[in-house]
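The structure under discussion appears below in the form of structure tokens.
The values are calculated or read from the model by the stated rules, or taken from the named source; none is laboratory data. Source: prediction; values computed, not measured. With ideal geometry, Cβ positions are generated from the backbone for all residues, glycine too; neighbour counts draw on all protein chains shown. Please note that ligands, DNA and RNA were not included when accessible areas were found on the heavy atoms of the full protein model with its side chains. Shrake-Rupley method; radii C 1.70, N 1.55, O 1.52, S 1.80 Å.
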Amino acid sequence: MSFQIPIGPQHPALKEPISLRMTVEGEVITGVDIRLGYNHRGLEKLAEDRNWTQNIYLVERICGICSHSHATCYVQGVEKLMELAPPKRGLYIRYLVSELERIHSHLLWLGVAGHEAGFDSFFMYVWRDREVVMDLLELITGNRVHYAINTLGGVRRDLDAGQIAKIRDGLVVLRKRSEYYFHIGANEPSFVARIAGVGYLSKEKAVALCAVGPTARASGWARDVRKEDPYAVYDEVDFDVATADSCDVLGRVVVRVKELLESYKICEQILDKLPPGDIAVKAPRKAKPGEVVSRYEAPRGENIHYIKSNGTDKPERLKVRAPTLGNYPATVEMLRKGFIADIPLIFAAIDPCICCAERSVTLIDAGSGEESVARMSDLRRRAIVRHENAPLKRNAVWPL
Amino acid sequence: MAVVRTLLYLVVYPGLLFLFLYSTFCEWFDRKVYARFQNRMGPTHTGRFGLLQPIADFVKLLSKEDVVPEAADKRLFAVLPIIGLAVVSTAGLLLPVWNFDLANPGWTSFSGDIIVMLYLLSLPTLILFLAAWSSTNLFSTIGGARVLTMLFGYEVPLFLAVLSPAILANSWRLAEIAAFYQRKPLLLLPNLLAFIIALIAVQAKLERTPFDIPHAETEIVGGTFTEYSGKKLALFRLTFDIELVVSSGLLAAVFLGGFPGGAVVGFIHFVVKTLFVIFLLCLLRALTSRIRVDQVISFAWKYLAPLAVLQLLAIILLKGFLP
Amino acid sequence: MTDAELIEKLKSDLGDTVEEISNPARRRLFLKVAPQRLLAVTTRLRDAYGVVFLSTISGVDNGEMFEILYHFSTPETDYNIRTEIPKANPHIDSITPAIPGAVLYERELQDMFGIVVDGIPDARPLVLPDDWPAGNFPLRKDWKHERPQEVIPGGKS
């Protein structure tokens, strides 16, 4: 019996809306169709109306997990356009945050993989330890999600000796825990039974379908923008590109955990080499006409921004390609001939970030507002009024 | 007078009310232990140590909107949760904790009650399948197919494993089996392998990780329960809680020496031993990840069933050597 | 191989199929190609230079013309192939015969700019909703979004 099951746009395995239409024969998948477009905000069009500085905060909101990736990719492109040379210390802090972000993203993914496989204990433990790196990021930048530490020409906050000591302590804990999870992820029989041999993507297919990031590296294709196009500080630190040649979900787990260990190494080197000096230089308001292609290795793979300026204080065109979009064709290939039970694992194994992949269209018009009972403007006005009239709470505590 | 006693027996103790309270307590225990294994707090808020949380959840579900799908067979859809609850509660009456009088078999303790109990415990699985099929949802249908597929895997090993101590005790009556092992506690040891097999099979019967395949939320949403909501879902969840109590009580009666010592001491035995079994089930749940349905079948037939047969063989040989 | 050597090699190899090669920054090559030669150049680059990885395709609305950039990268350098097509007759050949992974970006190009990609294996809209009005291409410069009047379904106004 063959029938079509819809995975998404709302489904417990998906944290963000996307639609996977699966044609299944019993438990075996025979056909896959991916439909996008549930999460469009029109950022590329919007960016053409914002000036260079405002756009940093706009692109940061492309994604909640790799927010720093997009901001950094954009900022390093615009700095090239403006012919700015940020001070060394600023760059070191910027890429320290990027590596910490990679750590938090990979730990998040590891937990999600456990949850998708029904291994909730693993999920809980990994996410507990993820709090360590989240706290470090909050310590450095003041925020847990949108760090907002980048600015044109450097970073906005400096590190002091106490913070450096705390980061070092945190890295020691994280390294120990990651090695433990590496052991669990590669040895726990029921977990390995679920992920080994699942979602096979041969190297030839990975190349042909332009897979990126850990997905490509787990198929034995050692591509890493940090290594092949070393931007900023990456030619001054020593690290290896993690690969696996098992081409399955197990390989993707292994690659990500290895990358975690490499990231700890990079963070420690950055802290060791952190030079003294300023953290930022002043940026001009306008950029000369020109174009730049900025590439950045986000936790999910290659992130590429194409920025074109026309001599004003606004970009002529900002094109964003997030890594998840590049992995969709490969996902379709991986899902084919799999079991229904493998769908969440295979799909999660590309570490999909749907809000990253869908950023480019304009605001969807109000055909969809069927459930709304009040206008947005009205709600906003009411919220402001309520906020102004609310009594000032001192020492407010949450009721237990 | 007899009518009143029977009514009390059915409704209060050990009938519906007691089973309801004790199963919610067991659910709390299960949730708390599971949470502590995962470095979480578990229920803390409702009642002391969150003891009332399962009851609060039950009441809340009762008050929720009850939606029946257009295409579903409405009568079947509505009646299945009640039948399920009735079946497992009936199975609960057969436990030898409230009918320990060996000399005086009654309508809840008779020769062959272990077989009746095993069959009563199989029925909820079929009811689950019917519920899934009658709700006509795609995810439910897949869940229902998975329920049945899994049934073929774990049912045979469970029966073989539970019957081997009965063969050694030379009785088909739960109370007598328990009494046999109370006299000769050392003979519990040869049944250890059967106990482990039965634990795994019960885990599969209760559809808990690693066998929560029919309602694996990341794959097929709610699976069998996708279309159930409100009161019906509450009854189904209660059914599974009571099934947890009854099956752990069965394992305790057969493998852990029953509940000696009359009404009060026996009851304490019952609580301690069922909680011990639930603890083991919980450990299994915390330590594994969900496997695929084909892996369940191959695991059950490659390892569980042959081991159960081996156990049976060993027991029969042992019986030959015993005086 | 440095960028300068690579440019020499490309110039002698591809000859006049490439109109212009520039190298504004390290590891960034910009090749200008006529639209009808795009597929040939892509195939040649793939076979002879190992240019297999397409990062993305960017479209730019330059008023009368659409500029389309194909961003490839290899471990040695990044190739950005630029081509221009008139806005009045926006047709371009698909490069999916050479690079199968290009299909998503080409679908995005169709949605956003109204460029017709000839020979695309899957021409459905990628990112626009199914009920998107025809002839609206959001990333064209002359397209302005007008926020529709808010209507409360079933409400008074």
(request) Quick one: count up the residues across segment B:160-180 that are assigned to a loop (DSSP other than H, G, I, E, B) and over 15 Å from B:Pro96 (Cα atoms). (result) 1
(request) Any chance you could count how many residues in segment A:221-239 are of a type in the set (Asp, Glu) and without any contact (Cβ under 8 Å) to a residue 24 or more places away in the chain? (result) 2
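Within the group B:Gly230, B:Gly266, which residue is more than 26 Å from B:Ala166 (Cα to Cα), open to solvent by less than 10 Å² (accessible area, probe 1.4 Å) and modelled with pLDDT under 90? Can you show your working first?
Numbers: B:Gly266 fails: more than 26 Å from B:Ala166 (Cα to Cα).
Only one candidate qualifies: B:Gly230.
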(message) Restricting to segment C:74-97, give me the number of residues that are facing chain A (nearest Cβ under 10 Å) and not in a strand (DSSP E or B).
(response) 4
(message) Within segment A:240-255, take every residue that is hydrophobic (A, V, I, L, M, F, W, C) and part of a helix (DSSP H, G or I) and give me the one that is nearest to A:Leu201 (Cα to Cα).
(response) A:Val249
(request) For A:Val97, state whether it is of a type outside the set (D, E, K, R) and more than 14 Å from the chain's Cα centre (by Cα). (result) no
(message) I'd like to know if segment C:136-148 contains one or more residues that are at the interface with chain A (Cβ under 8 Å from one of its Cβ atoms), touching a residue at least 24 places away in the same chain (Cβ under 8 Å) and under 17 Å from A:Val320 (Cα atoms).
(response) yes
(message) I'm trying to understand the selection: among the residues of segment A:223-246, which are over 19 Å from the mean Cα position of the chain (by Cα), modelled with pLDDT of 85 or more, among the hydrophobic types (A, V, I, L, M, F, W, C) and open to solvent by 10 Å² or more (accessible area, probe 1.4 Å)?
(response) A:Val237, A:Ala244
(message) Looking only at residues that are without any contact (Cβ under 8 Å) to a residue 40 or more places away in the chain and not in a strand (DSSP E or B) in segment C:14-39, which one is nearest to the chain's Cα centre (by Cα)?
(response) C:Arg37
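Being open to solvent by 70 Å² or more (accessible area, probe 1.4 Å), out of contact with any Lys or Arg (no Cβ under 6 Å at 6 or more places or on another chain) and modelled with pLDDT of 85 or more, is that true of even one residue in segment A:287-297?
Of the residues in segment A:287-297, the ones open to solvent by 70 Å² or more (accessible area, probe 1.4 Å) are A:288-289.
If we keep only those that are out of contact with any Lys or Arg (no Cβ under 6 Å at 6 or more places or on another chain) as well, we get A:288-289.
Subset that is modelled with pLDDT of 85 or more: A:288-289.
Checked segment A:287-297: at least one residue is open to solvent by 70 Å² or more (accessible area, probe 1.4 Å), out of contact with any Lys or Arg (no Cβ under 6 Å at 6 or more places or on another chain) and modelled with pLDDT of 85 or more.
For segment A:272-286: of the residues being over 22 Å from C:Ala25 (Cα atoms) and crowded, with 17+ Cβ neighbours inside 10 Å, which is farthest from the other protein chains (Cβ to nearest Cβ)?
Here is the first cut: in segment A:272-286, the ones over 22 Å from C:Ala25 (Cα atoms) are A:272-280, A:282, A:285.
Going one step further and asking which of them are crowded, with 17+ Cβ neighbours inside 10 Å, we end up with A:279-280.
Working: A:Ile279: 24, A:Ala280: 22 Å.
It comes out as A:Ile279.
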(message) Pairs please, first residue from segment B:305-322 and part of a helix (DSSP H, G or I), second anywhere and hydroxyl-bearing (Ser, Thr, Tyr) and modelled with pLDDT under 90, Cβ atoms under 8 Å, 6+ apart in sequence or on different chains.
(response) B:Ala308/B:Ser164; B:Gln311/B:Ser164; B:Leu312/B:Ser164; B:Ile315/B:Ser164
(request) Could you please give the count of residues in segment B:172-231 that are among the aliphatic types (A, V, I, L, M), within 22 Å of the chain's Cα centre (by Cα) and within 14 Å of another protein chain (Cβ to nearest Cβ)? (result) 4
(request) For segment C:40-73, enumerate the residues that are open to solvent by less than 10 Å² (accessible area, probe 1.4 Å) and not in a strand (DSSP E or B). (result) C:Val41, C:Thr42, C:Leu45, C:Val51
(request) State which residue is farthest from A:Glu302 (Cα to Cα) when the search covers only segment A:312-333 and only residues that are hydroxyl-bearing (Ser, Thr, Tyr) and more than 9 Å from chain C (Cβ to nearest Cβ). (result) A:Thr312
(message) Criterion first (surrounded by fewer than 18 Cβ atoms within 10 Å (Cβ to Cβ) and among the β-branched types (Val, Ile, Thr)) does A:Thr72 satisfy it?
(response) no
(request) Select, from B:Ile297, B:Ile291, B:Ile316, the only residue that is open to solvent by less than 30 Å² (accessible area, probe 1.4 Å) and either modelled with pLDDT under 90 or in contact with a helix residue (DSSP H, G or I) (Cβ under 9 Å, 6 or more places away or on another chain) (or both). (result) B:Ile291
(request) Those residues that are over 21 Å from the mean Cα position of the chain (by Cα) and of a type in the set (Val, Ile, Thr), I need them from segment A:155-166; list them, please. (result) A:Ile164
(message) Residues that are away from chain C (no Cβ under 14 Å) and either more than 19 Å from A:Ile350 (Cα to Cα) or part of a loop (DSSP other than H, G, I, E, B) (or both): does segment A:214-223 have at least one?
(response) yes
(request) Determine whether A:Leu110 is buried (at least 24 other Cβ atoms within 10 Å of the Cβ) and farther than 30 Å from C:His145 by Cα. (result) yes
(message) It is to be established whether one or more residues within segment B:84-93 are assigned to a loop (DSSP other than H, G, I, E, B), more than 17 Å from B:Leu174 (Cα to Cα) and of a type in the set (Gly, Ala, Ser).
(response) no
(request) Tell me, please, whether a residue that is assigned to a helix (DSSP H, G or I), at pLDDT below 90 and surrounded by fewer than 18 Cβ atoms within 10 Å (Cβ to Cβ) can be found in segment B:254-263. (result) yes
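Out of A:Glu333, A:Glu302, A:Glu259, which single residue is under 20 Å from C:Leu69 (Cβ atoms), outside any loop (DSSP other than H, G, I, E, B) and either in contact with a helix residue (DSSP H, G or I) (Cβ under 8 Å, 6 or more places away or on another chain) or open to solvent by 10 Å² or more (accessible area, probe 1.4 Å) (or both)?
Only one candidate passes the filter, namely A:Glu302.
How about segment C:22-39: which of its residues are more than 14 Å from chain A (Cβ to nearest Cβ) and either aromatic (Phe, Trp, Tyr) or surrounded by fewer than 17 Cβ atoms within 10 Å (Cβ to Cβ) (or both)? Full working, then the answer.
Step one: filter segment C:22-39 for residues more than 14 Å from chain A (Cβ to nearest Cβ), giving C:33-39.
Hits for segment C:22-39 are C:Ala34, C:Pro35, C:Gln36.
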(request) Filter segment B:95-154 down to the residues that are open to solvent by less than 40 Å² (accessible area, probe 1.4 Å) and of a type in the set (Phe, Trp, Tyr), then identify the one that is farthest from B:Val245 (Cα to Cα). (result) B:Phe139
(request) Among the helices (runs of 4 or more DSSP H) lying completely within segment B:1-78, list those that include at least 3 residues that are open to solvent by 80 Å² or more (accessible area, probe 1.4 Å) and away from chain A (no Cβ under 14 Å). (result) B:2-11, B:16-37
